[in-house]
1. On the basis of being buried (at least 21 other Cβ atoms within 10 Å of the Cβ) and facing chain B (nearest Cβ under 10 Å), does residue A:224 make the cut?
2. Just one of (1) within 19 Å of residue A:197 (Cβ to Cβ); (2) modelled with pLDDT under 90 trips up residue A:52, so point out which.
3. Of the residues A:60, A:18, which is on the phi > 0 side of the Ramachandran plot and either in contact with a Leu (Cβ under 7 Å, 6 or more places away or on another chain) or assigned by TED's automatic domain parsing to the domain that holds residue A:134 (or both)?
4. Got a sec? Which of B:243, B:229 is surrounded by 15 or more Cβ atoms within 10 Å (Cβ to Cβ), hydroxyl-bearing (Ser, Thr, Tyr) and within 27 Å of residue A:48 (Cβ to Cβ)?
5. In region B:323-342, what count of residues is obtained for those that are in a loop (DSSP other than H, G, I, E, B), surrounded by 15 or more Cβ atoms within 10 Å (Cβ to Cβ) and more than 9 Å from chain A (Cβ to nearest Cβ)?
6. Suppose the filter is touching a Pro at 6+ places or on another chain (Cβ under 9 Å), of a type in the set (Ser, Thr, Tyr) and at pLDDT below 90; does residue A:271 pass it?
7. Could you list all residues from region A:202-218 that are more than 23 Å from residue B:94 (Cβ to Cβ) and either within 12 Å of another protein chain (Cβ to nearest Cβ) or in contact with a strand residue (DSSP E or B) (Cβ under 7 Å, 6 or more places away or on another chain) (or both)?
Amino acid sequence: MDHLDRLEAQSIYILREAYRSFPNLAMLWSIGKDSTVLLWLTRKAFFGHVPYPLVHIDTAFKIPEMIKYRDEIAVQWDLNLVVGQNKEALAKGETFVNGLDRLSCCKKLKSDALKYTLDGTWARRKWNPYKKVWEDELNGAPYTGVIVGVRADEEGSRSKERVFSARDEKSEWDASTQPPELWNQYKTDFAPRTHVRIHPLLEWTELNIWEYIQRENIPIISLYFDQGNGKRYRSLGCFPCTAPVDSQARNPKEIIEELTSGKFKDIAERSGRAQDKDGGGTLEALRKEGYM
Amino acid sequence: MQRLNIVITGHVDHGKSTLIGRLLADTDSLPQGKLESVKKMCENNARPFEYAFLLDALADEQKQGITIDSARVFFQSKKREYIIIDAPGHIEFLKNMISGASRAEAALLLIDAKEGVAENSKRHGMLLSLLGIKQVAIVVNKMDLVNFSEIAFTKLKVEYSEYLATLGIKSDIFIPISAREGVNLIEHSASTPWYQGPTVLEILDSFKSVEEKENDDFRMPLQDVYKFTRDNDDRRIYAGTVTSGELNVGDEVVFYPSLKRSRVASIESFNTEVKTSVKESVAVGFTLETQIYVRNGDVVARADQSAPKVSNRFEANLFWLGAKPLELDKPYKIKIGSAQSTIYLEEIKRVIDGDTLDRADEPSVGRHEAACVIFRVHDLLAMELFAENQKLGRFVIVDEYDIAGGGIITEVLDQYTTRRTKALHVNDILVDKASTSAEFEEELFALLRKHFPHQFT
């Protein structure tokens with residue numbers, strides 16, 4: 001067993017534990033490489049099936065290729081896709097491009113949209129893979145378990161996460177009152193109106209993700225690769241706040257070289273994400289309020 | 001590259017985060033700009049720079065200067081990759097220390113040379129032994145504060161060795177260091193000419209990865225049974241993670257405690273070559289030649305190998321982290337392997353506190369205490385002694401919604417009978433009802449299978 005086999009086995013165990021413990025389970029799919037690996041691991045865990053809906057929060061500022069890729073994969077893999085959006089903030093123009101500060105924009109378009117999509121307060125747009133049509137769901141049941149692809153090596157507050165991490169009624173995270181988590185036994189019991197975030201990728205590094213993508217030949221969105229202009233994205237987000245990096249890597253193999261011996265050996269992955277810097281170098285303030 | 005999980009434990013302020021911060025800085029394991037940005041932040045706030053700030057990323061921790069939760073830090077030596085778990089030393093955050101330590105294969109235990117052996121130095125030593133971590137090195141930090149005195153070091157070594165011996169831990173690895181000054185972390189220092197033993201990095205590289213044992217009998221806690229009907233998939237797949245041994249297509253398997261049997265028809269997987277055999281640590285799924293009804297949590301073994309132990313009573317060493325004490329005869333939930341059941345504390349044999357003063361005749365086990373206890377379980381469970389099979393010999397106790405304690409099984413006791421149970425406690429009336437409903441469930445399943453056979457093929 002090599003290190004990727006171990007990581008894979010542990011993540012599959014966690015996904016199966018989540019699936020058997022939470023009747024209303026969903027997975028967040030940001031279209032990025034990490035949650036796409038998580039989607040692949042789901043198919044591994046459940047022998048080709050994806051037995052829970054995938055929630056995507058569409059801020060309306062996503063790089064357009066992301067939406068195209070999302071809808072193509074959804075059709076190809078028969079996914080139950082659920083899309084949430086803060087329509088009110090968008091209608092009122094309460095966004096960074098209209099003058100709002102970055103952190104408030106993240107809170108409205110991502111954290112709030114996520115919170116009210118998960119708890120069913122806001123309408124969910126659902127892709128029906130049987131009829132091949134989009135449908136609106138009103139008053140949907142709250143998701144009590146939510147699988148998220150965060151990794152401990154991304155930034156400080158994520159390195160302190162539990163694998164099964166409780167969120168209170170307000171979707172908030174209190175790092176100082178986390179219950180213990182022992183061996184491979186996780187928090188699978190939860191109080192009414194709370195939910196649990198499940199993090200199967202905590203022990204994966206950015207490098208592990210790319211090694212696994214290469215090994216499994218997972219179809220990853222092309223924004224991560226240089227398309228001929230000497231630029232590629234290392235981390236995906238909204239276009240006003242996410243910058244591509246200078247790089248000629250065209251495939252997972254070349255990205256792995258860049259990370260192990262090349263130009264990105266000692267450069268943080270989220271260095272192209274502006275909201276981290278506005279938070280004083282940590283995402284903790286955002287994450288307390290429900291950011292992934 | 002191989003990876004090893006290491007936990008760093010010890011009393012509050014004995015310098016765990018400083019040690020890790022310094023190791024990261026001295027081995028060039030920090031992302032570019034991190035050291036500079038933390039130094040700049042200190043400058044802006046008119047505070048002296050400390051290596052611990054590199055780790056204590058949570059805003060609250062920087063304000064208070066203590067570690068609240070176990071951070072995972074990725075770190076690489078020439079030999080392999082490490083996840084270093086920085087466990088909090090403050091008693092308030094013991095649950096976080098244990099959560100971190102339970103993921104580790106080896107441990108460093110830090111003791112402050114000046115302050116000496118403190119309450120949590122002892123408690124952490126005891127918990128490491130309860131968690132089953134056998135590779136432990138003791139790091140005596142802040143040697144600069146005692147002028148790198150060999151006498152001070154030796155005195156501390158003798159004192160703590162005696163304590164460890166009472167726990168049955170034999171560790172002869174003691175390293176004198178100064179994390180702040182980088183003494184004996186990567187290279188030997190001229191400050192301690194009397195010390196010729198290994199440096200911290202050499203010790204880390206000498207720890208062994210917990211190895212898979214080839215000869216153990218096959219065990220797999222049944223995590224779930226899947227029947228996904230989509231795309232006309234008619235497989236009924238028995239899924240779980242192999243905890244030991246090997247399973248092959250054609251092997252006869254027995255489920256415990258239900259004693260149902262069948263033969264493995266196929267081993268299932270997605271995006272791999274067809275498999276005919278699986279080994280320890282793999283998350284697998286298999287189909288059977290006959291369709292049998294078994295519960296999640298049953299332990300699967302091979303008919304040609306040994307059986308796991310089955311009982312509803314056992315003796316255990318336990319540590320308790322719940323806000324409310326662990327009480328006699330109150331229903332709790334046990335999780336062991338993939339099984340869950342209701343559990344009652346039958347007897348507290350003794351309570352062991354941080355200073356190893358054993359106390360008998362206690363009415364309950366309080367927060368942060370360890371104890372030797374007897375539990376009885378509502379259902380029969382398949383289990384093992386921790387000393388023989390760690391993964392099936394350890395369990396957690398859930399109080400309300402949270403894990404409140406963990407333990408290891410030291411002795412499997414004779415089953416209690418229903419008759420005896422009835423005489424004992426009111427609670428057990430619930431138990432009897434529950435077991436009746438389990439039987440009902442099984443009968444219902446048999447009827448469904450008889451009358452709607454197409455659903456079960």
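1. Here the answer is no, as residue A:224 does not meet what is asked.
2. Condition not satisfied by residue A:52: (2).
3. Working: A:18 fails: on the phi > 0 side of the Ramachandran plot.
One residue alone meets the criteria, A:60.
4. The match here is B:243.
5. 2
6. Values: touching a Pro at 6+ places or on another chain (Cβ under 9 Å): yes; of a type in the set (Ser, Thr, Tyr): yes; at pLDDT below 90: yes.
It is true that residue A:271 is touching a Pro at 6+ places or on another chain (Cβ under 9 Å), of a type in the set (Ser, Thr, Tyr) and at pLDDT below 90.
7. Across region A:202-218, the qualifying residues are A:204, A:205, A:206, A:207, A:208, A:211, A:212, A:215, A:216, A:217, A:218.
Every residue, every condition in (1) within 27 Å of residue B:223 (Cα to Cα); (2) surrounded by fewer than 17 Cβ atoms within 10 Å (Cβ to Cβ); (3) away from chain B (no Cβ under 14 Å), yes or no:
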residue	(1), (2), (3)
A:56	no, no, yes
A:66	no, no, yes
A:73	no, no, yes
A:76	no, yes, no
A:87	no, yes, yes
A:92	no, yes, yes
A:96	no, no, yes
A:121	no, yes, yes
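The values are calculated or read from the model by the stated rules, or taken from the named source; none is laboratory data. The shown structure was predicted, so the numbers you read here are calculated from the model rather than taken from an experiment. Note: ideal-geometry Cβ built from the backbone for every residue, glycine included; neighbour counts use all protein chains shown.
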